[in-house]
1. Would you call D467 open to solvent by less than 50 Å² (accessible area, probe 1.4 Å), among the acidic types (D, E) and over 30 Å from V155 (Cβ atoms)?
2. Would you please name the residue that is most open to solvent (accessible area, probe 1.4 Å), looking only at residues in region 131-163 that are in contact with a helix residue (DSSP H, G or I) (Cβ under 6 Å, 6 or more places away or on another chain) and in a loop (DSSP other than H, G, I, E, B)?
3. Considering only residues that are among the acidic types (D, E) and without any contact (Cβ under 8 Å) to a residue 60 or more places away in the chain, which ones fall in region 137-176?
4. Select from region 164-174 the residues that are β-branched (V, I, T) and part of a loop (DSSP other than H, G, I, E, B) and list them in ascending order.
5. I need the full set of residues from region 1-22 which are among the charged types (D, E, K, R) and in a loop (DSSP other than H, G, I, E, B), in order please.
6. Can you give me the number of residues within region 1-49 that are among the β-branched types (V, I, T), surrounded by fewer than 12 Cβ atoms within 10 Å (Cβ to Cβ) and over 29 Å from the mean Cα position of the chain (by Cα)?
7. Would you tally the residues in region 319-344 being open to solvent by less than 10 Å² (accessible area, probe 1.4 Å) and part of a loop (DSSP other than H, G, I, E, B)?
8. Does at least one position in region 62-73 carry a residue that is without any contact (Cβ under 8 Å) to a residue 40 or more places away in the chain and over 30 Å from D158 (Cα atoms)?
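The values are calculated or read from the model by the stated rules, or taken from the named source; none is laboratory data. Since this is a predicted model, take the numbers as computed values, not measurements. Backbone-built Cβ (ideal geometry, glycine too); neighbour counts: all protein chains shown. Side chains are part of the model used for accessible areas, which takes the heavy atoms of the whole protein and leaves out ligands, DNA and RNA. Shrake-Rupley method; radii C 1.70, N 1.55, O 1.52, S 1.80 Å.
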Amino acid sequence: KIEVLGRCRHNELPFQVNRSREADETQRLKYRYLDLRNPAVKNNIILRCNVVAALRAAMIEHGFMEITTPILTASSPEGARDYLVPSRKHPGKFYALPQAPQQFKQLLMASGFDKYFQIAPCFRDEDARADRSPGEFYQLDMEMAYAGQEDVFPVLEDVLPPIFAKFGTYNVASEAPFRRISYREAMDKYGSDKPDLRNPLVLQNATDFFGNSGFGVYDNLAKEGKTVKAMTVAGIADKPRSFFDKLDAFAKEEGMGGIAYVALAAAGAKGIARFFSEEKMNELKDKFGLKEGDAVLFMAGAGVKFDKFSGRLRNKVAEELGLVDENAFKMCWIVDFPFYEENEETGAVEFSHNPFSMPQGGMDALLNKNPLDILAYQYDFVCNGVELLSGAVRNHEPEIMYKAFEIAGYDNSVVDNKFGGMISAFKFGAPPHAGSAYGMDRLVMLLLDEPIIRDVILFPLNGKAQDLMMQAPNFVTEQQMKELHIKTDLEEKK
């Protein structure tokens, strides 16, 4: 017999369950419990559970202890907006939900726990992107005492490859030990600090080729101190001029001055080749590995903005030509990040990555080097152009920490106020330590080759950080507000 245990009381469904992924996202999120009945959606969550279980087992096998750190904590300047929680017992004061367990895990190292990890919830009030969900996310957070970069890398290179091998969509993956690329090399060759190595195109510095080449535009730019980059692309010399014009238009739309090119077509050299002597053309062929049928693209500019543009052009050309290997996981470490960067608007020196990192060279570097020349013991793990993991060797010396923050414009009182617990612990003596964290949502997204991160999260917020299913955020009662000693100051809608 058939017995109905829970009948549907609606005359019609908001969407067909087995085709829910074709439905409007607003409807999917509002009725997420129906969306999850679709096996294609449900299987993503099941795989996520299995990945978490496998990672947990691997970390425990490596001798790490799973320790849960607090959720209610103090606000601190860590790069994103905090979610604040008003205190009922302390009028006018607020807790903050942790952007990451950073300070707590470092305190664990000072407390004598040598190997820590947790699947940690993190909260950041930031805008959504395809690979970043607003509100909350989970990361596998880990830290090791008496450790440096060379101790962290082998652990992760042992833990992560089996995860990709067992759960990944693709059978091809980079093998450990993974390639290490300095930040500067990544920006020079790939125009990105998270390069997609499935793209075979590489950028070269071509500044010394110009100056007196005969092509006045780039000769003048080179003399002015601009950087000229070149990118050799095989087999496109016979493409119509419209192909190159399209790339030139793209460069101008990006705020750059356009591009130039030389193409060795069957009918003869095209582009700016007419400006070069025979000797210069031979130099060009040798320097950029140009053969008949190939073309070399040139672009010029300065600074990080130019580097990033060159990376976008590299990706665009590869996409246009179908050069990206869509069936592989290509992984690398990015190392030697700059410790500081210059604010483009104010010119102020700011931390570029993680303020708790140890500067390479320690106190001597802080005292005697140009801040913008100081490197940090910081590292990212990148897979298919996605930053999956960030980590660093931590700064465990109070004097070095005070000086590092001073250079970034914070005096000692700010450090004591914002990071008082950690700096106090370090004054009692702390071991050198290092660690990292990688996003679970982003990892599962990569493994499944899902284009949108919300499809691997159980009950995600939408792009406006709203929970349409639970109707959050929402208003609370006047009594609740009174108990928390807060009032709202909302502009009336006209």
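1. Numbers: open to solvent by less than 50 Å² (accessible area, probe 1.4 Å): yes; among the acidic types (D, E): yes; over 30 Å from V155 (Cβ atoms): yes.
For D467, the condition - open to solvent by less than 50 Å² (accessible area, probe 1.4 Å), among the acidic types (D, E) and over 30 Å from V155 (Cβ atoms) - is met.
2. The qualifying residue most open to solvent (accessible area, probe 1.4 Å) is D131.
3. So the first thing to find is which residues in region 137-176 are among the acidic types (D, E), and the list is 141, 143, 150-151, 157-158, 175.
The answer is E150, E157, E175.
4. At the first step, the residues of region 164-174 found to be β-branched (V, I, T) are 169, 172.
Result: T169, single match.
5. At the first step, the residues of region 1-22 found to be among the charged types (D, E, K, R) are 1, 3, 7, 9, 12, 19, 21-22.
Scanning region 1-22 gives K1, E3, R7, R9, E12.
6. The number of residues fulfilling the criteria is 2.
7. Adding up the residues that qualify gives 2.
8. To start, the set of residues in region 62-73 that are without any contact (Cβ under 8 Å) to a residue 40 or more places away in the chain comprises 70, 72-73.
Filter once more, so that each one left must be over 30 Å from D158 (Cα atoms): 72-73.
Yes: one or more hits.
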